[in-house]
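To start, the structure under review is shown below, and the notes come after it.
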Amino acid sequence: MAEHKERAHEAGERIAKVMARAGLCSRREAEAWIAQGRVTVNGAVITSPARNVTAEDRVLVDGKPLPARERTRLFLYHKPRGLVTTHADPEGRPTIFEALPQGLPRLVSVGRLDFNTEGLLLLTNDGGLARVLELPSTGWLRRYRVRAHGAVTQKALDRLRQGIEIDGVRYGAIEATLDRVQGSNVWLTFAIREGKNREIRKVLAALGLQVNRLIRVSYGPFQLGDLPRGAVEEVKTRVLRDQIGERLARLAGADFSAPLSPIKPAVAEETGREAPARPKAGGSRSAPGKPAPDKKGFSTAGASRRRKTRRG
């Protein structure tokens, strides 16, 4: 019997991966929760993520069973400035998860946007998908519109295609275009594939520019388009499956056939408590030609009808 259980554990999946795919948190957060002793398997507290589990194992987080796995879903969110991309900020700043409309499932972000960065942020209920889409090896292009104080030439920007090293950190190839000069500011378009911490701000600072507005307009094939600030729109399952392709879906362990959960009030991500109703940032009116958000505060129209999806 002991040998049978050992083989089952070997054939299962790492527990952090299982927690992430359940949409409870990211894989990194799952590992941190395990180290904090918040996770039990079959009644025993574990402190190492080096543990495989199967469907036969009973996994509890903070005394509660893992949520039943649901269909892999992806949402486009127009993040406003002044929000932190985290579930809880030690400095007490407002977070995106506090600002999201009600009616959404438990979500994790695909990467992050800085406090003062705005624009497209992908959200998913599948931590496995989030991890795959944010990996540099996936190669998805992230495109930004940048306003910066100072002067720069296109020739200087072209040199960024070879990459640049700043304070011992190597940044990969960057596609940068000088769009126009506006007084003492310049408007640029930046396209990167890595998205290291504050990469654009640091690179432009090395060129003598100070970023004063940064907007992400696309992430891989998904576009910000005319999505209103603070609004959320779900990508239809068919579009999502087509855009990520079979290889990424397999790497992520995405499940497009599982049932959808019923609409429910938004929850506080780490506690499971019901979150208070919050107005949608940026107002509730829809942009011209855009399907109006439903009564829960987000649109389920899908990304394909309004914008062209393309591979970066």
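The values are calculated or read from the model by the stated rules, or taken from the named source; none is laboratory data. Model, not experiment: these values are computed from the prediction. All Cβ positions, even for glycine, are placed from backbone atoms using ideal geometry, and neighbour counts span all protein chains on display.
The table that follows gives values for the structure above.
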read-out: For Arg213: the one exception among (1) within 30 Å of Ala254 (Cα to Cα); (2) of a type in the set (D, E, K, R); (3) part of a strand (DSSP E or B); value: (1)
read-out: Condition met for Ala173 (out of contact with any strand residue (DSSP E or B) (no Cβ under 6 Å at 6 or more places or on another chain), closer than 30 Å to Asp242 by Cα and without any contact (Cβ under 8 Å) to a residue 60 or more places away in the chain); value: yes
read-out: Number of positions in the stretch 223-239 that are farther than 20 Å from Asn116 by Cα, out of contact with any Leu (no Cβ under 8 Å at 6 or more places or on another chain) and surrounded by 23 or more Cβ atoms within 10 Å (Cβ to Cβ); value: 0
read-out: Test for Gly172: is it at pLDDT below 95 and of a type outside the set (Lys, Arg); value: yes
read-out: Some residue of the stretch 155-168 being in a strand (DSSP E or B) and either out of contact with any helix residue (DSSP H, G or I) (no Cβ under 8 Å at 6 or more places or on another chain) or within 20 Å of Gln182 (Cβ to Cβ) (or both); value: yes
read-out: Residue within the stretch 163-171 that is surrounded by 14 or more Cβ atoms within 10 Å (Cβ to Cβ) and closer than 30 Å to Ala249 by Cα present; value: yes
read-out: Some residue of the stretch 216-229 being in a strand (DSSP E or B), within 16 Å of Tyr77 (Cβ to Cβ) and basic (Lys, Arg); value: yes
read-out: Long-range neighbours under 6 Å by Cβ, at least six apart or interchain, first residue more than 9 Å from Leu60 (Cβ to Cβ) and touching a residue at least 40 places away in the same chain (Cβ under 8 Å) within the stretch 32-44, second in a helix (DSSP H, G or I) and among the polar types (S, T, N, Q); value: none
read-out: Neighbours by Cβ (under 7 Å, 6+ apart or cross-chain): first from the stretch 128-149, among the aromatic types (Phe, Trp, Tyr); second buried (at least 19 other Cβ atoms within 10 Å of the Cβ) and in a helix (DSSP H, G or I); value: Trp140/Leu133; Tyr144/Ile200
read-out: Residue within the stretch 133-145 that is surrounded by fewer than 21 Cβ atoms within 10 Å (Cβ to Cβ) and in a strand (DSSP E or B) present; value: yes
